[in-house]
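Remarks on the structure that follows.
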Amino acid sequence: MDLIQLSLIGLAIPIILFTVYWLIQFKINDSGVVDVFWGATVAIVAVFFSIFTSGDPTRRWIGGLLISLWALRLSYYLFIRWRSHDEDARYVALKMKWGSQAQIRMFKFYQMQGLGCFLFALPLLAAGVNASPFSWVDGIGIAVWIVAICGEAIADQQLANFRNRPENRGEVCDLGLWRYSRHPNYFFEWFHWWSYVMFAITAPFGWLTIFAPVAMWFFLNRVTGIPLTEIQAIKSRGDKYRQYQQSTNAFFPWFPKTNSQQ
């Protein structure tokens, strides 16, 4: 298949899958289920690209394997969280805001998520057509992936451990990686996308894949990630979280400010 055919099929896959996901959320009345499926759908499209492209086979199979492992860990973690909680407050707020148009707009929202899956899988298409030999640049990509996945897993576990202690109810998690960033899980999720840029960068126009982590940064910092999460955090933790905001970077890890009000 040529690039146009690959791209069209790669776009059709999430369109179809997110229509199915929308029907599922309509039936169970829980729109948060989209979070469980998102990473897995990116991996499905990316693996499709890895299989049906004809670039360096080592790079294609390593890329497909790494994004599959990423999706497996993320989807399992989000499934456990989704199963053990009520519908995410972000989606409840959206449906209340949309009123009688909630399901129509939720369908559009789901399709935009599907488009995002396609776009975030494109670096694997570029990596898949990259015919240059597997090199140290790809090795950097593997190293970035390992650091990012380990960091995200540690951040998730630290937060889960904190929340599982009854005495921490209503408190702010500022321990471990959360001492240096209010959202270390988002940071390492973003950092992870640079690994696929390394796989694609030596391909013709491979530099364009830089837009994937740039787009991820934008969504996490300006759209559905940090803004909505922090609105809910302030509602549930009030001034404690406001003090945390004053002392700790939102995204990029850094030492907390020592001159903030405590």
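Rule-based calculations on the coordinates, nothing more; no lab input. This one's a predicted model, so the numbers in the text were calculated from it and none came from an experiment. For neighbour counting, all protein chains shown are included, and Cβ atoms are generated from backbone atoms with ideal geometry for every residue, glycine included.
Couple of notes before you dig in:
- Note on TRP217 and ARG73: the model spin-label points, each 7 Å out from Cα along the C-beta direction, lie 2.2 nm apart.
- For the pair LYS108 and LEU8, a Förster radius of 22 Å applied to the C-beta separation gives a FRET efficiency near 0.55, rounded to the nearest 0.05.
- Segment 1-158 - percent relative contact order, Cα under 8 Å, separation 6 or more: 35 percent
- Set of lysines with alpha-carbon distance to LYS235 below 22 Å, sequence-local pairs under 8 removed: LYS95, LYS97
- Look at (i) 56, 47, 26; (ii) 69, 44, 39; (iii) 51, 46, 37: the one that is Cα extents along the principal axes in Å derived from this structure is (i).
- Taken as Cα centroids, segment 55-131 and segment 1-19 sit 15 Å apart, rounded to the nearest whole angstrom.
- Summing charges over neighbours of ALA160, with a neighbour being any other residue whose Cβ is under 13 Å away from its Cβ, gives +1 when K and R count +1 and D and E count -1.
- Extension gain, ARG163 to GLN232, is 23.3 nm, computed as 0.36 nm per intervening residue step minus the present C-alpha separation.
- Distance between the 7 Å Cα→Cβ label points at TRP136 and PHE255: 3.2 nm.
- Excluding exposed DSSP-loop trypsin sites (Lys or Arg not before Pro) (at most 15 other C-beta within 10 Å), longest clean stretch of the chain: 1-168
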